[in-house]
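The values are calculated or read from the model by the stated rules, or taken from the named source; none is laboratory data. Computed from a prediction, not measured in an experiment: that's the story for all the values here. Note that each Cβ is placed from the backbone with ideal geometry, even for glycine, and that neighbours are counted across all protein chains shown. The protein model used for the area step is the full one, side chains on, heavy atoms only, and it has no ligands, DNA or RNA in it. Shrake-Rupley method; radii C 1.70, N 1.55, O 1.52, S 1.80 Å.
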Amino acid sequence: MGAGEYNPLENAQEQFDGVAEIIGLDEATRQLLREPMREYHFLIPVKMDDGSTQVFKGFRVQHNDAKGPAKGGIRFHPEETADTVRALAMWMTWKCAVVDIPLGGGKGGIICDPRNLSENEQERLCRGWVRAVAKDVGPFVDVPAPDVMSSAKHMLWMLDEYETIHGGRYPGFITGKPVGMGGSLGRTEATGYGAIYTLREALKEENVDPATTSASFQGFGNVAQYAARLYLELGGKVIAVSSWDHADKKAYTFRNANGIDIEKLIEATDTFGSVDKDKARELGCEILDENAWLEQDVDILIPSALENQITAKNVDKISSQVKFIVEGANGPTTPDADVAIKERGIFMIPDFLANAGGVTCSYFEQVQSNTNYFWEKDEVLEKLDTKMTAAFKAVYELSKRNNLYMRDAAYVISINRVAQAVKMRGWA
Ligand code: GLU
(Lines give C-alpha, C1' and ligand atoms only; values in the text may rest on other atoms or scores of the structure.)
Protein backbone atom coordinates (compact mmCIF):
# COMPACT_ATOMS: atom_id res chain seq x y z
CA MET A 1 0.00 0.00 0.00
CA GLY A 2 1.05 3.63 0.03
CA ALA A 3 3.30 5.18 -2.61
CA GLY A 4 3.59 2.59 -5.37
CA GLU A 5 7.31 2.21 -5.98
CA TYR A 6 8.26 1.69 -2.33
CA ASN A 7 8.11 -1.82 -0.91
CA PRO A 8 7.57 -1.72 2.89
CA LEU A 9 9.37 -5.03 3.42
CA GLU A 10 12.45 -3.70 1.62
CA ASN A 11 12.23 -0.53 3.74
CA ALA A 12 11.98 -2.59 6.95
CA GLN A 13 14.90 -4.79 5.89
CA GLU A 14 17.01 -1.78 4.91
CA GLN A 15 16.45 -0.24 8.34
CA PHE A 16 17.27 -3.58 10.01
CA ASP A 17 20.45 -4.18 7.93
CA GLY A 18 21.83 -0.74 8.80
CA VAL A 19 21.43 -1.31 12.53
CA ALA A 20 22.61 -4.96 12.37
CA GLU A 21 25.84 -3.50 10.98
CA ILE A 22 26.12 -0.83 13.73
CA ILE A 23 25.76 -3.44 16.49
CA GLY A 24 27.81 -6.12 14.72
CA LEU A 25 25.03 -8.73 14.78
CA ASP A 26 26.16 -12.28 13.94
CA GLU A 27 25.14 -13.80 10.61
CA ALA A 28 22.68 -16.42 11.91
CA THR A 29 20.74 -13.90 14.00
CA ARG A 30 20.65 -11.53 11.02
CA GLN A 31 19.18 -14.27 8.85
CA LEU A 32 16.64 -15.14 11.50
CA LEU A 33 15.48 -11.58 12.12
CA ARG A 34 15.43 -10.06 8.64
CA GLU A 35 12.39 -12.08 7.55
CA PRO A 36 9.38 -13.77 9.16
CA MET A 37 9.74 -17.16 10.84
CA ARG A 38 6.29 -18.35 9.72
CA GLU A 39 3.47 -17.16 7.54
CA TYR A 40 0.03 -18.30 6.45
CA HIS A 41 -1.70 -17.30 3.21
CA PHE A 42 -5.24 -18.47 2.59
CA LEU A 43 -8.48 -17.87 0.74
CA ILE A 44 -11.67 -16.98 2.57
CA PRO A 45 -14.91 -17.75 0.72
CA VAL A 46 -17.72 -15.51 1.98
CA LYS A 47 -21.44 -15.86 1.25
CA MET A 48 -22.58 -12.37 0.26
CA ASP A 49 -26.01 -10.95 1.09
CA ASP A 50 -27.13 -11.27 -2.55
CA GLY A 51 -26.50 -15.05 -2.49
CA SER A 52 -23.22 -14.94 -4.44
CA THR A 53 -19.88 -16.09 -3.02
CA GLN A 54 -16.87 -13.79 -2.95
CA VAL A 55 -13.38 -15.11 -2.26
CA PHE A 56 -11.04 -12.92 -0.21
CA LYS A 57 -7.32 -13.32 0.38
CA GLY A 58 -6.10 -13.47 3.98
CA PHE A 59 -2.72 -13.49 5.72
CA ARG A 60 -1.14 -14.05 9.10
CA VAL A 61 2.58 -13.53 9.46
CA GLN A 62 4.57 -14.38 12.60
CA HIS A 63 7.87 -12.56 12.34
CA ASN A 64 9.47 -13.61 15.60
CA ASP A 65 8.22 -15.07 18.88
CA ALA A 66 11.45 -15.46 20.88
CA LYS A 67 10.26 -12.99 23.52
CA GLY A 68 6.70 -14.31 23.75
CA PRO A 69 3.59 -15.06 21.68
CA ALA A 70 3.45 -13.15 18.38
CA LYS A 71 1.33 -10.01 18.66
CA GLY A 72 -0.15 -7.63 16.14
CA GLY A 73 -3.23 -6.38 14.39
CA ILE A 74 -5.27 -7.50 11.39
CA ARG A 75 -5.69 -4.91 8.65
CA PHE A 76 -8.57 -4.67 6.26
CA HIS A 77 -7.50 -2.82 3.13
CA PRO A 78 -8.14 -3.19 -0.62
CA GLU A 79 -4.45 -2.62 -1.36
CA GLU A 80 -3.04 -4.95 1.28
CA THR A 81 -0.07 -7.04 0.09
CA ALA A 82 1.91 -9.95 1.54
CA ASP A 83 5.03 -7.78 1.76
CA THR A 84 3.16 -5.05 3.64
CA VAL A 85 1.97 -7.59 6.21
CA ARG A 86 5.52 -9.00 6.48
CA ALA A 87 6.99 -5.54 7.10
CA LEU A 88 4.32 -4.73 9.67
CA ALA A 89 4.93 -8.05 11.46
CA MET A 90 8.63 -7.21 11.65
CA TRP A 91 7.90 -3.73 13.02
CA MET A 92 5.66 -5.37 15.67
CA THR A 93 8.65 -7.38 16.92
CA TRP A 94 10.66 -4.17 17.39
CA LYS A 95 7.64 -2.37 18.86
CA CYS A 96 7.04 -4.96 21.60
CA ALA A 97 10.77 -5.06 22.34
CA VAL A 98 11.20 -1.28 22.63
CA VAL A 99 8.49 -1.05 25.31
CA ASP A 100 9.87 -4.25 26.86
CA ILE A 101 6.73 -6.36 26.96
CA PRO A 102 6.98 -10.18 26.77
CA LEU A 103 5.57 -10.53 23.26
CA GLY A 104 6.87 -11.11 19.75
CA GLY A 105 5.75 -9.67 16.43
CA GLY A 106 2.98 -10.71 14.06
CA LYS A 107 0.50 -9.14 11.69
CA GLY A 108 -2.51 -10.19 9.67
CA GLY A 109 -4.53 -8.83 6.86
CA ILE A 110 -7.41 -9.32 4.50
CA ILE A 111 -7.53 -7.76 1.05
CA CYS A 112 -10.97 -6.17 1.27
CA ASP A 113 -12.77 -2.87 1.65
CA PRO A 114 -15.06 -3.13 4.69
CA ARG A 115 -16.70 0.17 3.67
CA ASN A 116 -18.34 -1.78 0.84
CA LEU A 117 -19.44 -4.76 2.96
CA SER A 118 -22.61 -5.10 5.03
CA GLU A 119 -22.39 -5.93 8.75
CA ASN A 120 -23.32 -9.57 8.04
CA GLU A 121 -20.71 -9.87 5.31
CA GLN A 122 -18.07 -8.37 7.61
CA GLU A 123 -19.01 -10.87 10.32
CA ARG A 124 -18.72 -13.84 7.92
CA LEU A 125 -15.36 -12.52 6.69
CA CYS A 126 -14.02 -12.23 10.26
CA ARG A 127 -15.19 -15.72 11.14
CA GLY A 128 -13.68 -17.07 7.91
CA TRP A 129 -10.29 -15.52 8.75
CA VAL A 130 -10.32 -17.23 12.16
CA ARG A 131 -11.37 -20.61 10.71
CA ALA A 132 -8.38 -20.48 8.37
CA VAL A 133 -5.79 -19.98 11.14
CA ALA A 134 -7.56 -21.25 14.27
CA LYS A 135 -4.91 -23.90 14.91
CA ASP A 136 -1.96 -21.59 14.32
CA VAL A 137 -2.94 -18.70 16.60
CA GLY A 138 -4.08 -18.52 20.24
CA PRO A 139 -3.42 -16.86 23.62
CA PHE A 140 -0.03 -18.57 23.99
CA VAL A 141 0.93 -18.63 20.29
CA ASP A 142 -0.17 -15.52 18.43
CA VAL A 143 -2.59 -12.85 19.62
CA PRO A 144 -4.33 -10.63 17.01
CA ALA A 145 -5.77 -7.14 17.50
CA PRO A 146 -7.39 -4.34 15.48
CA ASP A 147 -5.50 -2.26 12.93
CA VAL A 148 -6.43 -0.14 9.90
CA MET A 149 -10.21 -0.40 9.32
CA SER A 150 -10.74 -3.25 11.82
CA SER A 151 -12.35 -2.56 15.19
CA ALA A 152 -13.67 -3.95 18.48
CA LYS A 153 -16.78 -5.49 16.93
CA HIS A 154 -14.63 -7.44 14.45
CA MET A 155 -12.44 -8.67 17.33
CA LEU A 156 -15.46 -10.02 19.21
CA TRP A 157 -16.73 -11.96 16.18
CA MET A 158 -13.23 -13.38 15.79
CA LEU A 159 -13.08 -14.34 19.47
CA ASP A 160 -16.49 -15.99 19.26
CA GLU A 161 -15.42 -18.08 16.26
CA TYR A 162 -12.15 -19.09 17.95
CA GLU A 163 -13.98 -20.11 21.14
CA THR A 164 -16.57 -22.06 19.15
CA ILE A 165 -13.84 -24.01 17.37
CA HIS A 166 -11.81 -24.67 20.52
CA GLY A 167 -14.77 -25.28 22.82
CA GLY A 168 -14.06 -22.94 25.73
CA ARG A 169 -13.62 -19.34 26.74
CA TYR A 170 -10.23 -17.90 25.71
CA PRO A 171 -10.52 -14.13 26.14
CA GLY A 172 -6.72 -13.76 25.92
CA PHE A 173 -6.84 -14.93 22.28
CA ILE A 174 -7.43 -11.47 20.89
CA THR A 175 -7.20 -7.85 22.10
CA GLY A 176 -9.03 -4.64 21.27
CA LYS A 177 -12.31 -6.28 22.32
CA PRO A 178 -15.27 -4.15 23.41
CA VAL A 179 -15.19 -2.96 27.02
CA GLY A 180 -17.44 -5.28 29.04
CA MET A 181 -16.63 -8.20 26.72
CA GLY A 182 -13.02 -8.66 27.75
CA GLY A 183 -11.73 -5.35 26.46
CA SER A 184 -9.58 -2.99 28.50
CA LEU A 185 -10.60 0.51 29.40
CA GLY A 186 -8.21 2.91 27.69
CA ARG A 187 -7.46 0.60 24.72
CA THR A 188 -9.27 2.87 22.25
CA GLU A 189 -7.29 5.88 23.41
CA ALA A 190 -3.99 4.03 23.88
CA THR A 191 -2.21 4.44 20.54
CA GLY A 192 -2.96 8.15 20.15
CA TYR A 193 -2.30 8.93 23.81
CA GLY A 194 0.93 6.91 23.73
CA ALA A 195 2.20 8.98 20.81
CA ILE A 196 1.55 12.19 22.72
CA TYR A 197 3.21 10.85 25.89
CA THR A 198 6.39 10.42 23.82
CA LEU A 199 5.95 13.87 22.24
CA ARG A 200 5.47 15.43 25.69
CA GLU A 201 8.78 13.89 26.81
CA ALA A 202 10.57 15.01 23.65
CA LEU A 203 9.36 18.60 24.09
CA LYS A 204 10.49 18.51 27.73
CA GLU A 205 13.98 17.30 26.76
CA GLU A 206 14.25 20.00 24.11
CA ASN A 207 12.90 22.72 26.45
CA VAL A 208 9.89 23.51 24.25
CA ASP A 209 6.64 24.60 25.89
CA PRO A 210 3.83 22.55 24.23
CA ALA A 211 1.52 25.56 24.55
CA THR A 212 3.68 27.46 22.04
CA THR A 213 3.48 24.71 19.40
CA SER A 214 1.22 23.81 16.49
CA ALA A 215 0.74 20.51 14.68
CA SER A 216 -0.51 19.00 11.44
CA PHE A 217 -1.84 15.43 11.21
CA GLN A 218 -2.10 13.05 8.30
CA GLY A 219 -5.14 10.81 8.80
CA PHE A 220 -8.08 11.29 11.13
CA GLY A 221 -8.83 7.77 12.31
CA ASN A 222 -8.53 6.37 15.82
CA VAL A 223 -4.84 7.20 16.31
CA ALA A 224 -5.02 10.83 15.13
CA GLN A 225 -8.27 11.58 16.94
CA TYR A 226 -7.00 10.59 20.39
CA ALA A 227 -3.54 12.02 19.76
CA ALA A 228 -5.11 15.35 18.77
CA ARG A 229 -7.31 15.40 21.89
CA LEU A 230 -4.38 14.83 24.25
CA TYR A 231 -2.16 17.26 22.34
CA LEU A 232 -4.82 19.95 22.84
CA GLU A 233 -4.81 19.15 26.56
CA LEU A 234 -1.06 19.90 26.59
CA GLY A 235 -1.95 23.32 25.18
CA GLY A 236 -0.99 22.75 21.52
CA LYS A 237 -2.94 23.93 18.48
CA VAL A 238 -3.94 21.63 15.58
CA ILE A 239 -3.76 23.63 12.36
CA ALA A 240 -4.42 20.89 9.82
CA VAL A 241 -5.58 17.30 9.43
CA SER A 242 -5.94 15.27 6.27
CA SER A 243 -8.49 12.52 5.79
CA TRP A 244 -9.49 10.00 3.16
CA ASP A 245 -12.79 10.70 1.42
CA HIS A 246 -14.42 7.40 0.57
CA ALA A 247 -16.93 8.84 -1.90
CA ASP A 248 -14.34 10.89 -3.84
CA LYS A 249 -11.65 8.19 -3.48
CA LYS A 250 -9.03 10.75 -2.52
CA ALA A 251 -7.77 12.54 0.56
CA TYR A 252 -8.20 16.20 1.50
CA THR A 253 -6.47 18.43 4.01
CA PHE A 254 -8.68 20.46 6.35
CA ARG A 255 -6.98 23.61 7.62
CA ASN A 256 -7.91 26.29 10.09
CA ALA A 257 -5.00 28.59 10.88
CA ASN A 258 -6.67 29.59 14.17
CA GLY A 259 -6.78 25.98 15.34
CA ILE A 260 -9.31 23.26 14.51
CA ASP A 261 -12.11 22.45 16.98
CA ILE A 262 -11.13 18.79 17.23
CA GLU A 263 -14.23 17.59 19.16
CA LYS A 264 -16.52 19.07 16.52
CA LEU A 265 -14.39 17.68 13.68
CA ILE A 266 -14.59 14.21 15.28
CA GLU A 267 -18.39 14.57 15.33
CA ALA A 268 -18.19 15.28 11.57
CA THR A 269 -16.11 12.13 10.91
CA ASP A 270 -17.39 8.61 10.15
CA THR A 271 -16.09 5.43 11.79
CA PHE A 272 -13.50 4.94 9.02
CA GLY A 273 -12.02 8.43 9.52
CA SER A 274 -13.68 10.26 6.58
CA VAL A 275 -14.56 13.88 7.37
CA ASP A 276 -17.80 15.44 6.09
CA LYS A 277 -16.61 18.35 3.90
CA ASP A 278 -19.66 20.57 4.44
CA LYS A 279 -19.49 20.24 8.19
CA ALA A 280 -15.75 20.93 8.12
CA ARG A 281 -16.43 24.14 6.19
CA GLU A 282 -18.94 25.16 8.86
CA LEU A 283 -16.10 24.72 11.38
CA GLY A 284 -14.07 27.29 9.47
CA CYS A 285 -11.80 24.80 7.70
CA GLU A 286 -10.40 25.47 4.26
CA ILE A 287 -10.30 22.34 2.12
CA LEU A 288 -6.92 21.80 0.49
CA ASP A 289 -5.36 18.98 -1.47
CA GLU A 290 -4.20 15.73 0.07
CA ASN A 291 -0.52 16.71 0.37
CA ALA A 292 -1.11 20.05 2.07
CA TRP A 293 -0.88 18.50 5.57
CA LEU A 294 2.87 17.99 4.99
CA GLU A 295 3.53 21.53 3.78
CA GLN A 296 2.14 23.52 6.71
CA ASP A 297 4.18 25.99 8.78
CA VAL A 298 3.82 24.04 12.01
CA ASP A 299 6.25 22.78 14.66
CA ILE A 300 5.10 19.17 14.66
CA LEU A 301 4.04 16.73 11.95
CA ILE A 302 2.11 13.65 13.03
CA PRO A 303 1.65 11.21 10.11
CA SER A 304 -1.07 8.83 11.36
CA ALA A 305 -2.37 7.13 8.24
CA LEU A 306 -0.46 4.58 6.18
CA GLU A 307 3.11 3.65 5.23
CA ASN A 308 5.26 5.38 2.55
CA GLN A 309 3.75 8.85 2.89
CA ILE A 310 6.89 10.95 3.43
CA THR A 311 9.13 10.07 0.49
CA ALA A 312 12.11 11.46 -1.44
CA LYS A 313 9.54 13.21 -3.68
CA ASN A 314 7.84 15.32 -1.00
CA VAL A 315 10.31 15.49 1.90
CA ASP A 316 11.62 18.87 0.66
CA LYS A 317 8.12 20.32 1.06
CA ILE A 318 8.36 20.04 4.84
CA SER A 319 8.45 23.59 6.23
CA SER A 320 11.62 24.85 7.91
CA GLN A 321 9.45 25.49 11.00
CA VAL A 322 8.97 21.74 11.58
CA LYS A 323 11.13 20.54 14.47
CA PHE A 324 9.42 17.26 15.46
CA ILE A 325 7.90 14.32 13.59
CA VAL A 326 5.82 11.82 15.56
CA GLU A 327 5.07 8.71 13.52
CA GLY A 328 1.60 7.63 14.61
CA ALA A 329 1.37 5.33 11.57
CA ASN A 330 3.56 2.33 10.85
CA GLY A 331 6.30 3.02 8.29
CA PRO A 332 5.12 6.47 7.10
CA THR A 333 8.67 7.60 6.20
CA THR A 334 10.68 5.88 3.47
CA PRO A 335 14.42 5.33 4.13
CA ASP A 336 15.48 7.90 1.47
CA ALA A 337 13.25 10.58 3.03
CA ASP A 338 14.52 9.56 6.46
CA VAL A 339 18.08 10.49 5.42
CA ALA A 340 16.93 14.01 4.52
CA ILE A 341 15.00 14.38 7.79
CA LYS A 342 18.02 13.23 9.78
CA GLU A 343 20.26 15.74 7.92
CA ARG A 344 17.85 18.56 8.70
CA GLY A 345 18.09 17.73 12.38
CA ILE A 346 14.33 17.22 12.82
CA PHE A 347 13.58 15.34 16.05
CA MET A 348 12.09 12.02 14.91
CA ILE A 349 9.98 9.86 17.21
CA PRO A 350 9.97 6.68 15.13
CA ASP A 351 6.84 4.62 14.50
CA PHE A 352 7.58 1.55 16.56
CA LEU A 353 8.23 3.76 19.58
CA ALA A 354 5.63 6.49 18.95
CA ASN A 355 2.72 4.16 18.25
CA ALA A 356 3.62 1.40 20.74
CA GLY A 357 0.86 2.55 23.10
CA GLY A 358 -1.71 0.37 21.34
CA VAL A 359 0.13 -2.88 21.75
CA THR A 360 1.23 -1.95 25.27
CA CYS A 361 -2.41 -1.57 26.25
CA SER A 362 -3.19 -4.79 24.37
CA TYR A 363 -0.68 -6.48 26.63
CA PHE A 364 -2.52 -5.03 29.65
CA GLU A 365 -5.78 -6.29 28.13
CA GLN A 366 -4.35 -9.78 27.79
CA VAL A 367 -3.18 -9.76 31.41
CA GLN A 368 -6.65 -8.60 32.53
CA SER A 369 -8.44 -11.12 30.28
CA ASN A 370 -6.26 -14.02 31.38
CA THR A 371 -6.79 -13.22 35.07
CA ASN A 372 -10.44 -12.18 34.56
CA TYR A 373 -9.86 -9.08 36.67
CA PHE A 374 -10.29 -5.66 35.09
CA TRP A 375 -8.59 -2.43 36.07
CA GLU A 376 -9.94 1.11 36.32
CA LYS A 377 -9.22 3.42 33.38
CA ASP A 378 -6.89 5.67 35.40
CA GLU A 379 -4.81 2.67 36.39
CA VAL A 380 -4.52 1.53 32.74
CA LEU A 381 -3.52 4.98 31.49
CA GLU A 382 -1.05 5.50 34.32
CA LYS A 383 0.66 2.19 33.56
CA LEU A 384 0.65 3.09 29.86
CA ASP A 385 2.27 6.45 30.54
CA THR A 386 4.94 4.81 32.73
CA LYS A 387 5.82 2.27 30.01
CA MET A 388 5.86 4.80 27.16
CA THR A 389 7.88 7.35 29.13
CA ALA A 390 10.45 4.73 30.16
CA ALA A 391 10.77 3.51 26.56
CA PHE A 392 11.16 7.06 25.25
CA LYS A 393 13.80 7.89 27.86
CA ALA A 394 15.87 4.77 27.13
CA VAL A 395 15.87 5.55 23.39
CA TYR A 396 16.58 9.25 23.92
CA GLU A 397 19.45 8.61 26.31
CA LEU A 398 21.07 6.12 23.94
CA SER A 399 20.67 8.53 21.03
CA LYS A 400 22.39 11.30 23.01
CA ARG A 401 25.11 9.05 24.43
CA ASN A 402 26.07 7.46 21.10
CA ASN A 403 25.06 10.36 18.85
CA LEU A 404 22.49 8.23 17.04
CA TYR A 405 19.38 9.24 15.13
CA MET A 406 16.33 8.40 17.26
CA ARG A 407 15.15 5.68 14.85
CA ASP A 408 18.56 4.00 14.93
CA ALA A 409 18.71 4.23 18.73
CA ALA A 410 15.27 2.60 19.02
CA TYR A 411 16.37 -0.15 16.64
CA VAL A 412 19.59 -0.77 18.59
CA ILE A 413 17.59 -1.30 21.78
CA SER A 414 14.95 -3.53 20.17
CA ILE A 415 17.24 -5.65 18.03
CA ASN A 416 19.59 -6.23 20.96
CA ARG A 417 16.68 -7.37 23.16
CA VAL A 418 15.29 -9.75 20.54
CA ALA A 419 18.76 -11.02 19.60
CA GLN A 420 19.42 -11.79 23.24
CA ALA A 421 16.14 -13.74 23.54
CA VAL A 422 17.03 -15.67 20.37
CA LYS A 423 20.46 -16.49 21.80
CA MET A 424 19.17 -17.50 25.22
CA ARG A 425 16.75 -19.93 23.57
CA GLY A 426 19.68 -21.38 21.62
CA TRP A 427 18.27 -20.44 18.22
CA ALA A 428 21.42 -18.72 16.99
N1 GLU B 1 -2.36 -2.68 15.29
C2 GLU B 1 -1.71 -1.99 16.37
C3 GLU B 1 -0.26 -1.72 16.03
O4 GLU B 1 0.13 -1.64 14.88
C5 GLU B 1 -1.91 -2.71 17.69
C6 GLU B 1 -1.40 -4.10 17.75
C7 GLU B 1 -1.83 -4.86 18.98
O8 GLU B 1 -2.48 -4.27 19.83
O9 GLU B 1 -1.49 -6.03 19.05
O10 GLU B 1 0.54 -1.50 16.89
| field | Computed magnitude of the charge dipole of the range 1-49 (debye, nearest 20; Cβ of K, R +1, Cβ of D, E -1) | value | 280
| At q = 0.22 Å⁻¹, what log₁₀ I(q)/I(0) does a Debye calculation on the Cα points of the range 301-428 give, no solvent, two decimals? | -1.27
| field | Lys/Arg +1, Asp/Glu -1 at C-beta; the range 203-311 dipole; positive extreme among L234, N258, G221 | value | G221
| request: For the range 352-428, state which chymotrypsin sites (Phe, Trp or Tyr not before Pro) are in a DSSP loop and have at most 14 other beta carbons lying within 10 Å of their beta carbon. | output: Y373, W427
| message | Quick check: at a probe of 1.4 Å, how many percent of the accessible area of the chain sits on carbon and sulfur atoms? | response | 48
| Estimated D of the range 115-212 in µm² per second, where Rh is the Kirkwood radius over Cα pairs and Stokes-Einstein applies at 10 °C, 1.306 mPa s | 103
| Nearest 20 debye, what's the magnitude of the dipole of the chain about its Cα centre given +1 on Lys and Arg Cβ and -1 on Asp and Glu Cβ? | 1040
| note | Taking Lys and Arg as +1 and Asp and Glu as -1, residues besides L288 with C-beta under 11 Å from its C-beta add up to -3
| request: State, as an integer percentage, the relative contact order of the range 282-428 based on alpha-carbon contacts under 8 Å between residues 6 or more apart. | output: 17
| note | Among trypsin sites (Lys or Arg not before Pro) in the range 112-155, those in a DSSP loop whose Cβ has at most 13 other Cβ atoms within 10 Å are K135
| query | Considering only DSSP beta bridges with both partners in the chain, what is the antiparallel share in %, to the nearest 5? | reply | 55
| query | With the contact rule set at Cα under 8 Å and sequence spacing of 6 or more, what percent relative contact order holds for the chain? | reply | 17
| message | Stokes-Einstein diffusion coefficient for the range 263-336 at 20 °C in a medium of 1.002 mPa s, Rh from the Kirkwood formula over Cα pairs: what value in µm²/s? | response | 156
| query | Zone of K57 (label point 7 Å along Cα→Cβ, backbone N under 14 Å): which residues in the range 80-117? | reply | 80-86, 109-113
| message | Straight-line reach only, C-alpha to C-alpha below 16 angstrom: list the aspartates and glutamates that K277 could link to, leaving out same-chain residues fewer than 8 apart. | response | D245, D248, D261, E263, E267, E286, D289, E290
| query | Counting Lys and Arg as +1 and Asp and Glu as -1, each charge on the Cβ, what is the dipole of the range 68-112 about the Cα centre in debye, to the nearest 20? | reply | 100
| Rounded accessible area per residue of the range 335-415, 1.4 Å, Å² | 40
| field | Per residue, in Å², the accessible surface of the range 131-218 once ligands and nucleic acids are set aside, probe 1.4 Å | value | 37
| Could you list, bin by bin from short to long, the percent of Cα-Cα pairs of the chain in 20 Å steps? | 28, 61, 12, 0
| note | Set K342/K387; K47/K177; K47/K135; K95/K423; K47/K377; K153/K317, cut-off 28 Å on Cα-Cα distance; pairs above it are K47/K377; K153/K317
